[in-house]
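Since every read-out is calculated from the coordinates, none of them should be taken as a lab result. Source: prediction; values computed, not measured. When we count neighbours, we look across all protein chains shown, and the Cβ atoms used for this are built from the backbone with ideal geometry, even at glycine.
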Amino acid sequence: MKILITGGAGFVGSNLALALRAQLPGAEVVCMDNLYRRGSELNVPRLQAAGAQFHRGDVRDRAAFPAGPFDCLIECSAEPSVLAGQDGSPDYLFQTNLVGAYHCLEKARQWQSRFIFLSTSRVYPIARLEAHPWREEPTRFAWSDQGTAGISSRGVAEAVDLNGARSLYGYTKLSAEQLIEEYRAAFGLRAVVNRCGVIAGPWQFGKVDQGVASLWVLAHHFQRPLSYIGYGGAGKQVRDFLHVADLCDLILDQIRNFDQWDGWLGNVSGGLAHSASLCELTALCREVTGRETPVATVPENRPNDLRLFVADCTRLFQRTTWRPKRDVRRIIQDTHAWVTAHATQLSKL
Ligand SMILES: NC(=O)c1ccc[n+]([C@@H]2O[C@H](COP(=O)([O-])OP(=O)(O)OC[C@H]3O[C@@H](n4cnc5c(N)ncnc54)[C@H](O)[C@@H]3O)[C@@H](O)[C@H]2O)c1
């Protein structure tokens, strides 16, 4: 089997390439990436050592793709920041996330490849999530069960009304989801869409606007200052986390049993059992790393921020026996072990 991973030197793409090389013996894995994300260049020797091929190329340019055909195309390239384009220059975001996804779809159509797309929980409209009733607990905010169709204390289900703004980033991903649907109808594309929440774990080069768990561990290890930004600055905003190794297990199952997964679109996330607030994350990082770092308070919200996001994965759990096996503590432990083992390289990023 020949598999192309676009964005294959990124956090998800590189972890997936290594998992595929380890668990699908004989699979030829090609990782295409333009190394736009700072830190992705560190993944290239890892990929090559694992027997994956690295192809430097940009999804904005259809001529830059490797020669096919491929049996499966996994689209993991993106400008993944929810703040992208907000500064008035959305060109890179649209060209990569929308035009790039279109180029991937065209390649999949030509090659008759199976297509796996990494979408995002950011497709859900911000105002609807923010308006849902919530309460304040000692260390976190929590959603109530009633108030908005599709949202409960378990989280946001796919049934929630999609009308409303969702950030430029969220728009590009929802548009790509819809384009996949059109390719399915027009050309018989066989495709799977995973709407991911926060993915975390080793080899994520976390920054303030993306990769919060890794950012938190890196800051604790290197004693760099952090901030609780928004919602009064108490660090009570909540996300659910999925260990990248759990995501890789699921995608492996999708590749192995593609006929059963063809047509899938839904939430893929840690869910309420794997959620944490920022201040809970701080406590965990202090415990695991044995180090403390100052955390400042910035009461004002940032654009596109969310008080709470937890995905309700009922639709997913009805379809598969797969469940996230690694909890938030394990995410922090594994990320810390990675930071400790690569401290010299990582201190320069
Ligand atoms: N990490 C998360 O928490 C998360 C959550 C939901 C969805 N996703 C989605 O998962 C996918 C992977 O995200 P990630 O966390 O690995 O991000 P990442 O930034 O680590 O990886 C993306 C990779 O794409 C590459 N890239 C960017 N522009 C490119 C271009 N024009 N041509 C070729 N390569 C390009 C980058 O260099 C990087 O290596 C993305 O589609 C993202 O939207 C991620």
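Rounded, prolate or oblate: which fits the stretch 14-58, taking a ≥ b ≥ c as square roots of the Cα gyration tensor eigenvalues, rounded meaning a/c under 1.5, else prolate when a/b beats b/c?
Values: a/c = 2.39, a/b = 1.82, b/c = 1.31.
Taking the square roots of the gyration eigenvalues as a ≥ b ≥ c, the stretch 14-58 is prolate.
Do you know the Lys pair count in the chain for C-alpha distances under 28 Å, with sequence separation 8 or more or different chains?
Summing the qualifying lysine pairs gives 10.
Taking R0 as 25 Å, what's the FRET efficiency between T148 and Y102 from their Cβ-Cβ distance, rounded to 0.05?
E between T148 and Y102, to the nearest 0.05, is 0.15.
For the stretch 230-252 and the stretch 265-307, write down the distance between their C-alpha centroids in whole Å.
Between the Cα centre of the stretch 230-252 and that of the stretch 265-307, the gap is 8 Å.
Given the Cα-Cα distance of D253 and S347 and 0.36 nm per residue of separation, how much length would full extension add, in nm?
Between D253 and S347, full extension yields an extra 30.3 nm.
Could you run the Debye sum over the Cα atoms of the stretch 2-347, one equal point scatterer each and no solvent, and tell me log10 of I(q)/I(0) at q = 0.08, 0.09, 0.10, 0.13 Å⁻¹, two decimals?
Debye curve over Cα of the stretch 2-347, log10 I(q)/I(0) at q = 0.08, 0.09, 0.10, 0.13 Å⁻¹: -0.36, -0.46, -0.57, -1.01.
With only Lys, Arg, Asp and Glu charged, each at its Cβ (+1 for the first two, -1 for the last two), find how big the charge dipole of the chain is about the Cα centre; round to the nearest 20 debye.
Values: 38 positive and 35 negative charges, 106 e Å.
With Lys and Arg at +1 and Asp and Glu at -1, about 500 debye.
Let me know the Rg and Dmax you get for the stretch 176-269 when you use only its Cα atoms, in Å.
Values for the stretch 176-269 (Cα only, Rg and Dmax): 17.6, 53 Å.
Which of the peptides 195-203, 78-86 is most tightly packed, and how do the rest follow, judged by the mean count of other Cβ atoms within 10 Å per residue?
Averaged packing, sorted descending, gives the order 195-203, 78-86.
As an exercise, use a Förster radius of 45 Å and the Cβ-Cβ distance of T139 and T321 to find the FRET efficiency, rounded to the nearest 0.05. Intermediate values should be presented prior to the final figure.
On the way: r = 32 Å, r/R0 = 0.71.
The value I calculate is 0.90.
Put +1 on the Cβ of every Lys and Arg and -1 on every Asp and Glu Cβ in the stretch 41-158; which of A50, H132, S89 then has its Cα farthest towards the positive end of the dipole?
The listed residue farthest towards the positive side: A50.
Just add up the charged neighbours of A52: K/R +1, D/E -1, any other residue whose Cβ is under 14 Å from the Cβ of A52. Kindly include the intermediate steps, with their values, before the conclusion.
Values: positive: K2, R21, R46, R56; negative: E28, D33.
Taking every Cβ under 14 Å from that of A52, the sum is +2.
Each label point is 7 Å from the Cα along the Cα-to-Cβ direction; what then is the distance between the points at T297 and D91, in nm?
Rounded to a tenth, the inter-label distance reads 4.3 nm.
How much length, in nm to one decimal, is gained on full extension between E287 and K2, taken as 0.36 nm per residue of separation minus their Cα-Cα distance?
Numbers: separation 285, 0.36 × 285 = 102.60 nm, distance 4.30 nm.
Taking 0.36 nm per residue and subtracting the Cα distance, the gain is 98.3 nm.
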